[in-house]
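The values are calculated or read from the model by the stated rules, or taken from the named source; none is laboratory data. No experiment lies behind these values; they were computed from the predicted model shown. Using ideal geometry, Cβ is built from the backbone for each residue, glycine included, and neighbour counts are taken over all protein chains shown. Ligands, DNA and RNA are excluded from the accessible area calculation, which covers all protein heavy atoms including side chains. Shrake-Rupley method; radii C 1.70, N 1.55, O 1.52, S 1.80 Å.
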Amino acid sequence: MRLSVSWIKYLKNRRGKKILSQALRMFRFHSIPFSILLRNMFDALEPHKAKFTFPMVASVAAKDPGLTREILSRGHEVAVHGFKHLNYSYLTEQQQDDDIEKALDAFRAISIPVYGFRAPYNTYAEDTPKLVEKHGFLWDIGIGYNPKHREGSSPFRVKIDNHDSSFVCIPLNRWSDDLMIDIQGFSSHQIAETLRRVIRRASEKHGVVMFDLHPIRIGQPQYVDALKHVVEYGTELNGWFPTVNEAVNYWSEHGSWKDDASFCCLLTGDIDNFSFFDYLQRLF
Ligand SMILES: [Zn+2]
């Protein structure tokens, strides 16, 4: 534990209490192996055939290709979340381009098909959408977090140099698990209530709703019931829970949701680290 004490002191001095308390939270969360967190989620989703999309940091995915492949073998999807977890608004266009290229190479090397993109921190520079288009992604699931898109209920495209983007964007709901757990300190019951309220509204609009629920939080034994309740409730309301790729392809072809579903709910959650060690590497 001596090493732990010294990095706690280091963090406290260098970056302040906020980062320290976040690091301690992550230390606790990572005491459960990532494979167990994912299996907790799969077990909650599978009785209702609900799918989940995991934007993954490619350098992390490549560290455990077996675990990354298990996501696909259980019917879920992986998307690009950068090669490293960098804030694109601080990078030049060339640096962003290189990061995306390296991420795509890394996924290709471990034979993981990827169709979509979400920038780390849901943060985009002005030139990022152009790069998302350049690299041929079919969809982006981070641009929709921008307050001007967040409250929407339909897939949309953004303007790039006076044309509509070739890729489709999806509004990303503001009730992320970081907000509910880290900031608001919600219980599993409060998370379920909040998300149920949001999907009830989505069902009334026959729209799409997308959530950002990180496996490191929602896969914890004390929170995974919230995911189960949301999927149960959404199924009662005749909602559809596909992967993002399936939803975007179906919407592009039919302009509606499969099997006359009353709404489409996209469950997504980023995988930024597999272990606390990966998390620490990101901080320094
Ligand atoms: Zn992330």
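Considering only protein heavy atoms, what is the solvent-accessible area of D225 at a probe of 1.4 Å, reported in Å² to the nearest 10? Counting only protein heavy atoms, D225 exposes about 70 Å² to solvent.
Only beta bridges with both residues in the chain are counted; by DSSP, about 15 percent of them are antiparallel. Summarising the label geometry, the points placed 7 Å from Cα in the beta-carbon direction at Q222 and E126 lie 4.5 nm from one another.
Taking 13 Å as the straight-line reach from the Cα of K63, the aspartates and glutamates in range (excluding those fewer than 8 positions away in the same chain) are D272, D278. For segment 64-162, the square roots of the Cα gyration tensor eigenvalues, ordered a ≥ b ≥ c, give a/c of at least 1.5 with a/b no greater than b/c, which places it in the oblate category. About its Cα centre, the dipole of the chain is roughly 1240 debye, where the only charges are +1 on Lys and Arg Cβ and -1 on Asp and Glu Cβ. Accessible area ranking (1.4 Å probe, heavy atoms, ligands and nucleic acids excluded), largest first, for W251, W240: W251, W240.
With q set to 0.08 Å⁻¹, the log10 of I(q)/I(0) for the chain, from the Debye formula over equal scatterers at the Cα positions, is -0.32. Positive end of the dipole of the chain (Cβ unit charges, origin at the Cα centre): among Y121, P221, S165, the Cα lying farthest that way belongs to P221.
On the basis of the beta-carbon distance and an R0 of 30 Å, S35 and V198 show a calculated FRET efficiency of 0.55.
To the nearest 10, the accessible area of V114 is 30 Å² with a 1.4 Å probe.
Could you please report the charge total around Q95, scoring K, R as +1 and D, E as -1 over all other residues with beta-carbon less than 15 angstrom from its beta-carbon?
Result for the local shell: -3.
When L227, L237, L138 are compared by accessible area of protein heavy atoms, the largest-first order is L138, L237, L227, using a 1.4 Å probe. Computed with a 1.4 Å probe over protein heavy atoms only, the accessible area of H254 comes to about 100 Å². Positive-end ranking of M180, Q22, V230 along the dipole of the chain, with charges on Cβ about the Cα centre, is headed by Q22. By the helix-only formula, in which each DSSP H run with n ≥ 4 contributes -39500 (n - 2.57) and the sum is divided by residues, the chain has a 222 nm mean residue ellipticity of -14000 deg cm²/dmol.
Compared with the direct C-alpha span, the chain from L179 to R74 gains 35.0 nm at full extension, assuming 0.36 nm per residue. For the cross-link pairs K18/K228; K18/K84; K84/K134; K17/K51; K134/K205, the ones whose C-alpha atoms lie over 28 Å apart are K18/K228; K17/K51; K134/K205.
Accessible surface ranking for S252, S188, 1.4 angstrom probe, highest first: S252, S188. Note on K159: aspartates and glutamates with a C-alpha under 17 Å away, same-chain residues under 8 apart excluded, are E126, D127, E133, D140.
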